[in-house]
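The structure appears right after this line, and notes come after that.
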Amino acid sequence: MPRANRYFLPGHVWHLTQRCHQKKFLLKFVRERRRYLRWVFEAKKRFGLSVLNYMVTSNHIHLLLKDIDEHLHRCLVYIDLNMVRAGMVNHPADWAHSGYRAIQEPAERYAVIDLQGLMGLCGFSDVRNFQQAHRQWVGEALDGEIAVRDDRWSEAIVVGSLAFVDRVRSELGVKAMHREVVQLGGTYTLREESEAYGGDFASENDTLRLDNAISWEENIESAET
């Protein structure tokens, strides 16, 4: 019997089945079935996977999952690495006034970030697991290509799957008539006209660098004199 085609749209509930190679009973022992569930648990911690139900048999597995939109993770990390891209610090933890520090070292009072809300959107219910996953996302991004500014997160009206972008475009109605849907890899964006941003953000003089940064203390002293 042919296998159904595989499709992926983020943010949905999925029933996944997996059969052992050549239908062999590779999970016939309890230790193998426990080991498989351990792998699922590690995936849950790492990616914020929401497991709704499962069945591990001797030769196949059923999983009922709700995945989290990966674009939220990407945007979160993109913001975290802003000062790294600017050459101000080597790691987002080194910049005191950042959401990264607020997530990893939550304030007991006057907290700015809705940590519980963010955890829920990312698929986590335990703070420590979310913090560990957050550190891992940032670490993987630091090992990758982060030097180039990605204008999807600053010059697009919508970023996400094609279905999500099309839905928002439809909801915007006439406001989105002249907006263009652009695909880059597996990500789709609804782009604003370039002129709307070019005058304010395109200049090299606006780039944040150590040599044109002014500290708060220097600014206060200047104002007092």
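The values are calculated or read from the model by the stated rules, or taken from the named source; none is laboratory data. What you see is a predicted model; the values in this text were computed from it and never measured. We place every Cβ from the backbone using ideal geometry, glycine too, and count neighbours over all the protein chains shown.
Quick look at the numbers
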read-out	value
Residues of the stretch 135-158 satisfying the condition of being in contact with a helix residue (DSSP H, G or I) (Cβ under 9 Å, 6 or more places away or on another chain) and modelled with pLDDT of 85 or more	135, 136, 137, 138, 140, 141, 142
Check on residue 83, at pLDDT 85 or above and surrounded by 15 or more Cβ atoms within 10 Å (Cβ to Cβ)	yes
Residues that are crowded, with 17+ Cβ neighbours inside 10 Å and without any contact (Cβ under 8 Å) to a residue 24 or more places away in the chain, drawn from the stretch 119-134	119
Members of the stretch 168-210 found to be surrounded by 13 or more Cβ atoms within 10 Å (Cβ to Cβ), modelled with pLDDT of 55 or more, within 25 Å of the chain's Cα centre (by Cα) and assigned to a helix (DSSP H, G or I), listed by number	168, 169, 172
Enumeration of residues in the stretch 77-112 that are over 16 Å from the mean Cα position of the chain (by Cα) and among the β-branched types (Val, Ile, Thr)	84, 89, 112
Answer from 97, 73, 62 - the residue that is within 22 Å of residue 154 (Cα to Cα), loosely packed, with under 15 Cβ neighbours inside 10 Å and not hydroxyl-bearing (Ser, Thr, Tyr)	97
Filter pass, residue 37 being outside the structural domain of residue 131 (by TED's automatic domain parsing), assigned to a loop (DSSP other than H, G, I, E, B) and out of contact with any Gly (no Cβ under 9 Å at 6 or more places or on another chain)	no
Pair list, Cβ under 9 Å, 6 or more apart: the stretch 165-183 residue farther than 17 Å from residue 153 by Cβ and free of Cβ contacts under 8 Å to residues at least 12 places away in the same chain, other residue in a helix (DSSP H, G or I) and not hydroxyl-bearing (Ser, Thr, Tyr)	170/176
Candidates 133, 93, 102, filtered to the one that is under 15 Å from residue 72 (Cβ atoms), part of a helix (DSSP H, G or I) and not β-branched (Val, Ile, Thr)	133
Those residues of the stretch 43-74 which are within 19 Å of residue 21 (Cβ to Cβ) and either in contact with a His (Cβ under 9 Å, 6 or more places away or on another chain) or in a strand (DSSP E or B) (or both), in sequence order	55, 56, 60, 61, 62, 63
